[in-house]
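Derivation of every value follows stated rules applied to the coordinates shown; laboratory data play no part. Because the structure is predicted, anything quoted here is derived from the model rather than measured. Heads up, the Cβs are rebuilt from the backbone with ideal geometry, glycines too, and the neighbour counts pull from every protein chain shown.
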Amino acid sequence: MIKNVVLQTTHFFYEKKITKSIFYLQDSYNMFEMDGEGKWNAAYIPFIVPFTIGQFLQDDHEITIEELEMRYTTSVTKGLTSRMASEVLERDGPNELLPPKGTPEYIKFARQLAGGLQCLMWVAAVICFIAFGIEFSRGTLGCFDDLYLAITLITVVVVTGCFGYYQEFKSTNIIASFKNLVPQVKIWKYRKCMVISVCILGQLEANLGLYLGGCWESEPQSKTPECTHENPLETKNIAFFSTTCLEGVATGTVINTGDRTIIGRIASLASGVGNEKTPIAIEIEHFVDIIAGLAIFFGFTFFVVAMFIGYAFLEAMIFFMAIVVAYVPEGLLATVTVCLSLTAKRLARKNCVVKNLEAVETLGSTSVICSDKTGTLTQNRMTVAHLWFDNVIHAADTTEDQSGQSFDQSSETWRSLARVAALCNRAIFKPNQESLPIPSRIVVGDASETALLKFTELTIGNTMEYRERFKKVVEVPFNSTNKFQVIHELEDPLDLRYLLVMKGAPERILERCSTILIKGQELPLDEQWREAFQTAYMDLGGLGERVLGFCHIYMNEKEFPRGYKFESEEMNFPTSGLCFAGLISMIDPPRATVPDAVMKCRTAGIRVVMVTGDHPITARAIAANVGIISEGSETIEDIAARKRIPVEQVNKRDARACVINGGQLKDMSSEELDEALRSHPEMVFARTSPQQKLIIVESCQRLGSIVAVTGDGVNDSPALKKADIGIAMGIAGSDAAKNAADMILLDDNFASIVTGVEQGRLIFDNLKKSIAYTLTKNIPELTPYLIYITVSVPLPLGCITILFIELATDIFPSVSLAYEKAESDIMHLKPRNPRKDRLVNEALAVYSYFQIGAIQSFAGFTDYFTAMAQEGWYPLLCVGLRSQWENVHLQDLQDSYGQEWTYAQRLYQEYTCYTVFFVSIEICQISDVLIRKTRRLSVFQQGFFRNKVLVSAIVFQLLLGNLLCYCPGMPNIFNFMPIRVQWWFVPVPYGILIFVYDEIRKLGVRRYPGSWWDQELYY
Amino acid sequence: MRADTGAKEPYFWNPRTHEFLGRTASSWGLILLFYLVFYIFLGGMFILTMYVMLLTLDDYKPTYQDRLATPGMMIRPRSEAMEILYNPQDTESWDRYTEALDIFLAPYNNSVQVQNNDDCLPDNYFIQEDSGEVRNNPKRSCQFNRTSLDACSGIIDRTYGYQTGQPCVLIKLNRVIGMLPGKDGQSPYVTCGAKKEDADAIGELAFYPPNGTFNLMYFPYYGKKAQVNYSQPLVAVKFLNISVNTDVNVECKINSNTLTTGGERDKFAGRVSFKLRITSSNN
């Protein structure tokens, strides 16, 4: 058993000479192992755990290697014995993170059946059953109506429950299917070895550069065997599970595996309970509470009134039940779910995958975005940005698709510089990529060499072929990390000189030069040129770019004739007195779409805070580049430099921008951090650790912001979880980050977040409209009962009819409002304040209930009285008629004309009234859905037919209404009667009134913003 | 802990801002005034549409008679559950029936009928059309004399046969404006029978007027406004030797060449069912 682990560069597939027991640590799960012959062992075998320890924070990093060996009964050089290893495996299980525990399916289903509104419906159903039981035992005719109603109510609850469950199931499935898009964990196991999860680099061999990976730490972190910090998270001699090794070699001892690793703990913490409710969930809960409260209040009031008036207890109970049915918007939750999932689908097409439906809306209320730099704001690809030669700084094209301007390439110096850059480079393209555009080809080599290779490929053409023309004689690799030199033969066979090319840190290169190339002429390198070099170097460095110097020399052919034996060890060739060719600087350039996106955020009142592990200068340069720090904004340091005063004397409030690095952050109290976030609108955090990201998120939340956080590493999961909306990167992100996040960006692009924000805001607006539409009809559903009880007219609207309105005809139109386009540029408004701007506010409810709902009620009653009067029952006769009308033994009740009606004839007349009232509500609801298209603009400005879904929804509503009315058999099943055609037109004037009134309302709101009218009537 | 700046303001009555339920007095006044105007307008519109609708109605004939294709039928005396139960020996038990019949038949007294109504030509519809716009009102009605019920008229036998165990039951056809219940001079008539299992128990029946006809001259009906003194024709059924101490379920229905009895759902359209039980201690 091996427990010592050697970490090697991730470019392992090109390192041929690998001895046994070398591990490649690349990603949280992608751990590879190779056998001695360099073949992949293709068997898929789950992790085997070497051993583990119990404590999360312990002193493993502080103790000596000998103590460590004792603690784990292992050997640093030989590893665990096989027996020991299998014991450990048995004890701790395989080295894998347990997936978060899901809620059992039946509980999920039960939850769907036991929501606030559903409970009310259950109560209503129970009342119906009791009523049926009592009436049945009395032998009352028509008692079966109660039974049918009870069954219908239960069906409604179960069906909507099934629907909700199905939606939830589907959205979990979307996430599950998304998981399949991400490369799955593949573990390769060789013999009895195991893969590490956490290792102590107590046994580092040679010079190790272990880089902690992901976008978080774009600056590689070197790891050393020494304990550098008492906090295991900060010390340099522990490498954590899931970090990426970019370069270097290390040996380590495994100290933890699986869920016991820090990442495992973070992941289990992150996936644990205590999920904070999303703003939309709070909104809906708030709304359901109010509705349920009002339903019970109304129901109870009328129960008492009915009892007082002298109805029997049972009848009063049935009134209570009917009011609950009328008042509860049964279809609302389904509508909300459908609207949200529609938006989620729309977002998925725009590369945002939402894991939790409600996150769609949260994104819309976001007021702060804490964004990573590398990969999110930038392309995550070192690119040549500037060149300095002929004493001029030239800008290279850094756009992703090479659409930018190129620089002047006619100079002789450029040719020399390009040659040095092309030849003095070990990076190569992977074969068979000719069809790909150069920037997206895969290169084997480190970041800066890759940048240079792509740069030369773009500017001078086929670099590989170019290199072949200059035969490589000897290569001196980074003998120090700063320089690299190669000696080549020249391409001209007649010219027998050798060419030495060298690149490295500019100041080191300059030391070795005695001349400088200017316009193709070799000029002596005097003080003036040195100063020019210094200025250029500082300028480029100030841009946050990584600068390399290039030089060359043609070697004297007499001193170094053909066949001269160059020794890379002894350096028997000139390494000074060279000719300086120029500087090339590189940066990870911002993505093309990011500056626009940041600008959009700014206009949308969203703060973008950059949180990066990068160097402050680079961070600041990129921030300025993408507009996070706007033009003309100064930091405290800038002001101090401008005014030539010490930093302490600067009034902190004068500085708009602020760059804080991790070191400073560590020393700040949370109050100081809050203050800094409050006083500086433009913030950049550099050199921060993942723990600090969490601190920043918490600070923003303390200031009352809704915070979106991007992240990719496993160690970002707590911050992702803590944030109101965690956004994981789809390409660079680790699985743990994706698990903790609410949303995943498939293209890792910051601009997609802004699209998401826009959609989130739109859905909030549209949900408002949809709910307003849904709420309105509750009043015309409720008033018939109130009039029925108080004035004792024959019942105008039946319970089953109400359920048909709620769950059949009105569902599609209310969902169609989700397709409504934004009324104005929603990205020019401030983010909503979750404490003040409610989904269902007072104005919305009052306007829907007491104005539009009232008009609809009048429409219904007009149609009802018309249908009654035209069949022989004058309005005044109807008043107080209830007890006679409903007397099943009275078969000759006289109408206003003296005609006599049997009970059944009256019952069918009552069904006619239900249908007529239903039709009135439908006609008014068509008008209602039209007015709900906009809250402020005129519908004429918005366009009647632009929302095709809404138009088809209206057509569907009418067709369904007609089907219900005229389908044979309906009267006896669902109490719908084939009504006379003209009764469809009675409510039309009221429909027009609704439309005209709302247009007047909107006109007032537009014309007089802030007026009484605006305050009272704008929802 | 949330650093809510506003703390908790009392909602119901805020003494600092003088707000009652979140509004000041003037704010309440304004909003209530708005709603007052709004509802006055709405109410006005409602009343206006109602008024217009009522204007379109004919005072004498309903616009539609969709539900009244088949007239309902009803019996007298009527009790809550369509049952006639009594004991001939026990006067108390049938007294209420005869009283109800007395009251019901009072308007049919010959004296009243002769005074108010015309003696019409039997077996023909008594049609009194309006000539164009000119209403032919009030319309006359035909005499339905109590004496035509003969043995069930309550004149000869003031107990309508209840005392002797030969009870009379009156059957009436619901009034429907403009209904013509027969063609070719054929008057509709009533037949009664027992439900299958009671077939033996029902015994012989006698109908008054003869054959149990509703004479055509009583139709059509022109509504209570035009035809104030309309006398609804009646048919009396006398159970001559009905079995005692058994429930007899009787069903009577109209026979007409224009009317059909109602469907499954309406047990009282064109027919009527009732239960008759005569208890007798000394059989």
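For segment A:930-975, the gyration tensor built on C-alpha atoms gives a prolate shape. Its axis ratio a/c (a ≥ b ≥ c) is at least 1.5, and a/b is the larger of a/b and b/c. In chain B, the C-alpha radius of gyration followed by the widest Cα-Cα span (Dmax) gives 29.8, 98 angstrom. Sorted fewest first by neighbouring Cβ atoms within 10 angstrom, B:Arg96, B:Arg277 come out as B:Arg96, B:Arg277. Between B:Glu83 and B:Thr258, the FRET efficiency estimated from the beta carbon spacing at R0 = 41 angstrom works out to 0.85. Relative to the dominant Cα principal axis of chain B, helix B:25-56 is inclined by about 30°.
With Cβ to Cβ distances under 9 Å as the rule, what net charge do the other residues near A:Gln957 carry (K, R +1; D, E -1)? Result for the local shell: -2. With the Kirkwood sum run over all distinct C-alpha pairs, segment A:823-965 has a hydrodynamic radius of 18.7 Å. The mean number of partner chain beta-carbon atoms within 10 angstrom of a residue's beta-carbon across peptide B:53-60 is 4. What you get for segment B:166-269, charging only the Cβ of Lys and Arg (+1) and of Asp and Glu (-1), is a dipole of about 580 debye around the Cα centre.
Model label sites at A:Ser679 and A:Glu522, defined 7 Å from Cα along the beta-carbon direction, differ in position by 5.8 nm. Each peptide in A:314-327, A:357-370, A:875-888 gets a packing score, the mean of other Cβ atoms within 10 Å over its residues, and the list from highest to lowest is A:357-370, A:314-327, A:875-888.
Here the label points at A:Ile973 and A:Val126, each 7 Å from Cα along the C-beta direction, are separated by 3.2 nm in the simple model. Among A:Val951, A:Pro831, A:Pro971, which residue has its Cα positioned farthest towards the positive end of the charge dipole of segment A:765-1017, with +1 placed on the Cβ of Lys and Arg, -1 on the Cβ of Asp and Glu, and the dipole taken about the Cα centre? Of the listed residues, the answer is A:Pro831. For chain B, which span is the longest to avoid every loop-located (per DSSP) member of GluC sites (Glu not before Pro) having at most 15 other Cβ atoms inside 10 Å? No qualifying site falls inside B:1-79, the longest such stretch. Computed over the alpha-carbon pairs of segment A:757-865, the distance histogram in 5 Å steps reads 2, 11, 17, 19, 17, 12, 9, 6, 4, 2, 1 percent, short to long.
Projecting the Cα atoms of B:Val169, B:Val250, B:Gly22 onto the charge dipole of chain B (Cβ charges, centred on the Cα centre) puts B:Gly22 farthest toward the positive pole. As a proxy for reagent exposure, A:Glu842, A:Glu434, A:Glu135, A:Glu871 were ordered by neighbouring Cβ count within 10 angstrom, fewest first; the result is A:Glu434, A:Glu842, A:Glu135, A:Glu871. Amide H contacts for A:Phe685 (H built 1.01 Å from N in the peptide plane; partners 5 or more residues away or on another chain; cut-off under 5 Å): A:Met610, A:Val611, A:Thr612, A:Ile660. If only the Cβ of Lys and Arg carry +1 and only the Cβ of Asp and Glu carry -1, the dipole of segment B:39-188 around its Cα centre is close to 240 debye. A simple rule links phi to the HN-Hα coupling: the Karplus curve 6.51 cos²θ - 1.76 cosθ + 1.60 with θ = phi - 60°, which for segment A:349-365 gives 5, 9, 6, 10, 9, 9, 7, 10, 3, 5, 4, 3, 6, 3, 4, x, 9 Hz, with x for Gly and Pro. The overall shape of segment A:383-587, judged from the alpha-carbon gyration tensor, is oblate: a/c is not under 1.5, and a/b is no greater than b/c.
Ranking A:Ile779, A:Ala845, A:Pro796 by how far each Cα lies toward the positive end of the dipole of segment A:768-857 (charges on Cβ) leaves A:Ala845 at the top. Residue by residue, segment A:937-945 carries 3J(HN,Hα) couplings of 6, 6, 4, 5, 6, 6, x, 6, 10 Hz when phi is fed to the Karplus relation 6.51 cos²θ - 1.76 cosθ + 1.60 (θ = phi - 60°); x denotes Gly or Pro. Hey, how much of the P(r) for segment A:639-792 falls beyond 21 Å, as a percent of Cα pairs? Summing the P(r) tail past 21 Å for segment A:639-792 gives 62 percent.
Summarising the amide proton neighbourhood of B:Glu83: residues at separation of 5 or more, or on other chains, whose placed amide H is nearer than 5 Å comprise B:Lys275.
Kirkwood radius and radius of gyration were both taken over the C-alpha atoms of segment B:145-221, and their ratio Rg/Rh is 1.02. Taking Cα atoms only, the orientation of helix B:91-105 departs from the longest principal axis of chain B by about 80 degrees. Where the alpha-carbon atoms of segment A:765-1017 are placed on the principal axes, they occupy 68, 36, 29 Å, in descending order. Across segment A:794-806, rounded Karplus estimates of 3J(HN,Hα) from the backbone phi angles (6.51 cos²θ - 1.76 cosθ + 1.60, θ = phi - 60°) give x, 4, x, 8, x, 4, 5, 4, 4, 4, 5, 5, 5 Hz, Gly and Pro being marked x. Only helices enter this figure: runs of n ≥ 4 DSSP H residues, each worth -39500 (n - 2.57), summed and divided by the residues of chain B, yield -6500 deg cm²/dmol at 222 nm to the nearest 500. For segment A:512-599, applying the loop criterion from DSSP together with a ceiling of 15 other beta carbons within 10 Å to the GluC sites (Glu not before Pro) yields A:Glu557, A:Glu559, A:Glu567, A:Glu569, A:Glu570.
Close amide H pairs (under 5 Å, H built 1.01 Å from N) link B:Gln186 with no residue at least 5 positions away or on another chain. Counting only other residues whose beta carbon sits under 11 Å from that of B:Lys238, what net charge do I get with K and R as +1, D and E as -1? Value of the local net charge: -3. Placing dummy labels 7 Å off each Cα toward the beta-carbon, the span from A:Leu959 to B:Thr56 is 2.9 nm. Need one word for segment B:42-139: rounded, prolate or oblate. Basis is the Cα gyration tensor (sqrt eigenvalues a ≥ b ≥ c); a/c below 1.5 gives rounded, then a/b vs b/c decides. Oblate is the answer for segment B:42-139, as a/c is 1.5 or above yet b/c matches or exceeds a/b. Each other residue within a Cβ distance under 9 Å of A:Gly943 adds +1 if Lys or Arg and -1 if Asp or Glu, for a net charge of +3.
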